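Student: Questions regarding the structure given below will be posed in turn.
The values are calculated or read from the model by the stated rules, or taken from the named source; none is laboratory data. Everything quoted here is computed from the prediction, not taken from an experiment. Counting neighbours? That spans all protein chains shown, and the Cβs are built from the backbone with ideal geometry, glycine included.
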Amino acid sequence: MDYDALLNLQGYVKFFLVLIVFILFYSYAYSIYRRDKKGERNFEKYSDLVHDDSIKSSPLEDRKKDKDINEKESIK
């Protein structure tokens, strides 16, 4: 392969890599937006965690109990 062909190949590879990263980023951002609008998770609480990170602050989410986890595993 000559030098011009390698430069063209490099340009195409960079373009498709940027395109893939662009698609992945925006699909992740859209999934966060969708989960926030559906009410599955409130991301405002996580952003407030930056300002309120004391040891006395309450947990954002309740932990799942071992009993609930074991029941879900036995169903599978």
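Okay, residues lined up against (1) over 18 Å from the mean Cα position of the chain (by Cα); (2) charged (D, E, K, R); (3) assigned to a helix (DSSP H, G or I):
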residue	(1), (2), (3)
M1	yes, no, no
L9	yes, no, yes
V13	yes, no, yes
L17	yes, no, yes
F25	no, no, yes
R35	no, yes, yes
S47	no, no, yes
D52	yes, yes, no
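Student: For residues that are in contact with a helix residue (DSSP H, G or I) (Cβ under 9 Å, 6 or more places away or on another chain) and at pLDDT 75 or above, tally how many sit in segment 35-60.
Tutor: Residues flagged as in contact with a helix residue (DSSP H, G or I) (Cβ under 9 Å, 6 or more places away or on another chain) and at pLDDT 75 or above within segment 35-60 amount to 7.
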